[in-house]
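Report on the following structure.
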């Protein structure tokens, strides 16, 4: 169960207990509309990645704006989204634990569920889990589209075709298409680097579709893409669905990309913190640390401030010249990486015009699958 929320609806922003994840609804709405408009204009579906926000409320807002469904990375995340009424969920990951897989038929009775595979064991165990249930799950064969190798994904070639055929013939499974996500491309800093990387992925996807078609196994859908490259996949002619996630909230690391023609999405999410100490000259200490903000993609950013370091419970910033921070002052941080930061909190506080409008539980947070 989520902890007590850090605010009450109708309270001013200054009344939010810190540390807290605060969403500017005007910026959030604009981000959601902009990404959906890009997908619609390109004639592709948008399936936002829920692992970024882990919030059924945000997922519902994205679907209301036109998204076809939601992505997630874990069965527990899928369970949280389905329990909240989301009826189309793709788990963009591989799961091998039989105990976890037995939870999928119940989900498939309430929503359309998809999952990825890159090994025959994934398919055989999924088929066993669905045996005798009268239910089915969409199976996407994940292909490796990263030059030099990525995380998961079978190489495009005969093994991929064999997996697709196995999925098409297995009971309880519907062969739905290909998962083709180029994770490394998302944070390549220049537009030229991202274009080269996605161009390579597109070539592999095109080859994969041709191989499947020749084997009588056309891929009905190719899904992938992210916030850093969504326009490239949208206009590639081979991707049917975009899985962008961070765009709705945005983080400091994506803002380090040179935007090119796509431009940047707005920082709709800020981590509000309070100055609790200025005893050491030249610095101020905030009431949030590693237990509240992820630093795997660098330290959080703050407009007009320099963040010096983060420890378990504290964030140290350099005192700005001319207008030093005092105890009790509020600071709005931009997390370096949205996904793991959201996973450290129980609530989003949604504000509009300086007033708390909604409280959104981060219901899909947590570790493990």
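The values are calculated or read from the model by the stated rules, or taken from the named source; none is laboratory data. Everything quoted here is computed from the prediction, not taken from an experiment. In this analysis, Cβ positions are derived from the backbone assuming ideal geometry, glycine residues included, and neighbour counts consider all displayed protein chains.
Overview of results
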{"quantity": "Residues satisfying the stated conditions in region 296-307, i.e. surrounded by 15 or more Cβ atoms within 10 Å (Cβ to Cβ) and more than 25 Å from the chain's Cα centre (by Cα)", "calculated": "305, 307"}
{"quantity": "Any hit, region 182-192, residues being more than 30 Å from residue 258 (Cβ to Cβ) and either assigned to a loop (DSSP other than H, G, I, E, B) or touching a residue at least 40 places away in the same chain (Cβ under 8 Å) (or both)", "calculated": "no"}
{"quantity": "Candidates 248, 262, 279, 266 - the one that is closer than 19 Å to residue 25 by Cα and surrounded by fewer than 20 Cβ atoms within 10 Å (Cβ to Cβ)", "calculated": "266"}
{"quantity": "Pick from region 146-175, criterion under 21 Å from the mean Cα position of the chain (by Cα) and under 16 Å from residue 119 (Cα atoms), ranking: surrounded by the most Cβ atoms within 10 Å (Cβ to Cβ)", "calculated": "153"}
{"quantity": "Residue tally, condition touching a residue at least 12 places away in the same chain (Cβ under 8 Å) and closer than 29 Å to residue 57 by Cα, over region 236-283", "calculated": "32"}
{"quantity": "Residue, farthest from residue 351 (Cα to Cα), within region 1-46, restricted to residues that are in a loop (DSSP other than H, G, I, E, B) and free of Cβ contacts under 8 Å to residues at least 40 places away in the same chain", "calculated": "43"}
{"quantity": "Subset of region 315-328 (residues that are within 13 Å of residue 277 (Cβ to Cβ) and at pLDDT below 95)", "calculated": "none"}
{"quantity": "Residue check, residue 80 part of a helix (DSSP H, G or I) and free of Cβ contacts under 8 Å to residues at least 24 places away in the same chain", "calculated": "no"}
{"quantity": "Counted residues, region 254-292 - those being in contact with a helix residue (DSSP H, G or I) (Cβ under 9 Å, 6 or more places away or on another chain), under 12 Å from residue 332 (Cα atoms) and in a loop (DSSP other than H, G, I, E, B)", "calculated": "2"}
{"quantity": "Residue match in region 25-47 (condition: surrounded by fewer than 23 Cβ atoms within 10 Å (Cβ to Cβ), over 22 Å from residue 243 (Cβ atoms) and modelled with pLDDT of 95 or more)", "calculated": "yes"}
{"quantity": "Unique match (being on the phi < 0 side of the Ramachandran plot, in contact with a helix residue (DSSP H, G or I) (Cβ under 8 Å, 6 or more places away or on another chain) and either at pLDDT below 95 or not in a strand (DSSP E or B) (or both)) among 296, 312", "calculated": "296"}
{"quantity": "Looking only at region 48-77, and only at residues there that are over 11 Å from the mean Cα position of the chain (by Cα) and assigned to a loop (DSSP other than H, G, I, E, B), the one that is surrounded by the fewest Cβ atoms within 10 Å (Cβ to Cβ)", "calculated": "66"}
{"quantity": "Index of the failed condition, residue 308 passing every other in (1) without any contact (Cβ under 8 Å) to a residue 24 or more places away in the chain; (2) touching a strand residue (DSSP E or B) at 6+ places or on another chain (Cβ under 6 Å)", "calculated": "(1)"}
{"quantity": "Residue 331 touching a residue at least 24 places away in the same chain (Cβ under 8 Å) and either closer than 16 Å to residue 7 by Cα or surrounded by fewer than 21 Cβ atoms within 10 Å (Cβ to Cβ) (or both)", "calculated": "no"}
{"quantity": "Total residues in region 209-231, condition over 29 Å from residue 162 (Cα atoms) and surrounded by 24 or more Cβ atoms within 10 Å (Cβ to Cβ)", "calculated": "4"}
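Conditions tested, residue by residue: (1) closer than 30 Å to residue 193 by Cα; (2) assigned to a loop (DSSP other than H, G, I, E, B); (3) at pLDDT 95 or above.
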site: 100; (1), (2), (3): no, no, yes
site: 113; (1), (2), (3): no, no, yes
site: 116; (1), (2), (3): yes, no, yes
site: 124; (1), (2), (3): no, no, yes
site: 128; (1), (2), (3): no, no, yes
site: 133; (1), (2), (3): no, yes, yes
site: 138; (1), (2), (3): no, no, yes
site: 141; (1), (2), (3): yes, no, yes
site: 145; (1), (2), (3): yes, yes, yes
